[in-house]
1. Pick out the one residue from His47, His31, His85 that is modelled with pLDDT of 95 or more, in the same structural domain as Ala107 (by TED's automatic domain parsing) and more than 25 Å from Gly135 (Cβ to Cβ).
2. Would you check which residues across region 32-53 are surrounded by 22 or more Cβ atoms within 10 Å (Cβ to Cβ) and either in contact with a Ser or Thr (Cβ under 8 Å, 6 or more places away or on another chain) or of a type in the set (A, V, I, L, M) (or both) and list them?
3. Residues that are under 15 Å from the mean Cα position of the chain (by Cα), at least 1 per element: which helices (runs of 4 or more DSSP H) completely within region 51-149 meet that?
4. Quick check on this structure: which one of Glu269, Glu263, Glu283 is in a loop (DSSP other than H, G, I, E, B), at pLDDT 95 or above and either within 26 Å of the chain's Cα centre (by Cα) or of a type in the set (Asp, Glu) (or both)?
5. Suppose the filter is among the charged types (D, E, K, R) and under 29 Å from Leu146 (Cα atoms); does Lys275 pass it?
6. Counting only residues that are polar (S, T, N, Q), over 23 Å from the mean Cα position of the chain (by Cα) and modelled with pLDDT under 95, how many does region 298-334 have?
7. Taking interchain pairs and intrachain pairs at least six residues apart, which have beta carbon atoms under 8 angstrom, with the first residue in region 1-27 and on the phi > 0 side of the Ramachandran plot and the second exposed (fewer than 10 other Cβ atoms within 10 Å of the Cβ) and outside any loop (DSSP other than H, G, I, E, B)?
8. Can you tell me which residue within region 289-311, out of those that are in a loop (DSSP other than H, G, I, E, B) and touching a helix residue (DSSP H, G or I) at 6+ places or on another chain (Cβ under 7 Å), is surrounded by the most Cβ atoms within 10 Å (Cβ to Cβ)?
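The values are calculated or read from the model by the stated rules, or taken from the named source; none is laboratory data. Because the structure is predicted, anything quoted here is derived from the model rather than measured. Here the Cβ positions follow ideal geometry from the backbone for every residue, glycine too, while neighbour counts run over all protein chains shown.
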Amino acid sequence: MLQEFDHLPEGLLEKSATELHEVLDGSALIHLSGERSKPLFVSVLLHGNEITGWEAIKKVLKKYQDQRLPRALSIFIGNVAAAQHGQRCLPSQPDYNRIWKGEGDTAESVVVRQVLERMLERNVFASIDIHNNTGRNPHYACLNELKHDFLHLARLFSRTVVYFRNPDTVLSMAFADLCPSVTVECGRPSDAHGIAHAVEFIDSCLHLSELPSHALHPQDIDLFHTVAVVKVASDVQFAIADPQAELSFHADLDQLNFCELSEGTSLAEVRHGDKPLLQAWDEQKQNVAERFFAVSNGQLVTKVSLMPSMLTLQTEIIRQDCLCYLMERLPTPA
């Protein structure tokens, strides 16, 4: 169940992500007062192995330990149990960033509803969900609404911004009904620059008096739209750089992230091409893999020009979550 505090539990800031279970029994929502009363909401550790958010929030709070925060701050610490073991989620758990419709009567759904109710009551100012990824990606922001205040919040983190509507069960989608809301991707968990970038972003948001409502200049942002989520079919045996595998992805696959790939770009070697290898789910939740991929001369190739993001070399992540997302460029909203 959700633990809720109006103060920092003793010793919390001295704990690493793997040690949080020593202080917290599970997910926690911590409210801290500040000069401006509408709180900034910051979510960390929805995935227990993505520690940048927790390391960043510790640095921010230590900076202000002897002074009042510029703005009230509500911190949600997500999957403490998975963080203890350095895992995205435990085998018995759902993905904590795929539960935010709050449907059903599971313990996780109850927590989601409580968090959303509390932040609605507190008139939340803006929401930031901090994540890492496992492949080579630039730091970028994601949003679910193309409103000017959302875009300004995202641009404060990075000029590279991705708009998506699927999956629709993520935290940023739920908070978009309450306030400007973004997810920020801070590179790999071991990247010190990712932590520093997240600290800078949180601190900047705490100092905002408001978010602008005017349009961004097109030259100030690189805006992309996610058109499909790509998964490996469940009955396909795959690996990275293993010629014995049914589907063997190239060892440098993640170097293709945020690159505009031409038609015919090879992604993998194929031993058997007589069954569907990939699924590509669009915003209408239709499988459109045949539009984007084909098998040619023993290679899995792109059928059209496309741009992937979040390609990873970690097979566990590919199976648990997805292979990648496919994107197209969007004009900046006027």
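1. Values: His47 fails: more than 25 Å from Gly135 (Cβ to Cβ); His85 fails: more than 25 Å from Gly135 (Cβ to Cβ).
Going through His47, His31, His85 in turn, the sole match is His31.
2. We begin by selecting, within region 32-53, every residue surrounded by 22 or more Cβ atoms within 10 Å (Cβ to Cβ); these are 39-48, 50-53.
Passing the criteria: Pro39, Leu40, Phe41, Val42, Ser43, Val44, Leu45, Leu46, Ile51, Gly53.
3. Working: elements: 52-63, 80-84, 107-121.
Those helices (runs of 4 or more DSSP H) span 52-63.
4. Details: Glu269 fails: in a loop (DSSP other than H, G, I, E, B); Glu283 fails: at pLDDT 95 or above.
Only one candidate qualifies: Glu263.
5. Working: among the charged types (D, E, K, R): yes; under 29 Å from Leu146 (Cα atoms): no.
Spelling it out, it is not the case that Lys275 is among the charged types (D, E, K, R) and under 29 Å from Leu146 (Cα atoms).
6. Selection size over region 298-334: 1.
7. none
8. So in region 289-311, the residues in a loop (DSSP other than H, G, I, E, B) come out as 297-298, 303-305, 310-311.
Okay, now just the ones that are also touching a helix residue (DSSP H, G or I) at 6+ places or on another chain (Cβ under 7 Å), so 303-304, 311.
Working: Lys303: 15, Val304: 13, Leu311: 26.
Going through the qualifying residues, I end up with Leu311.
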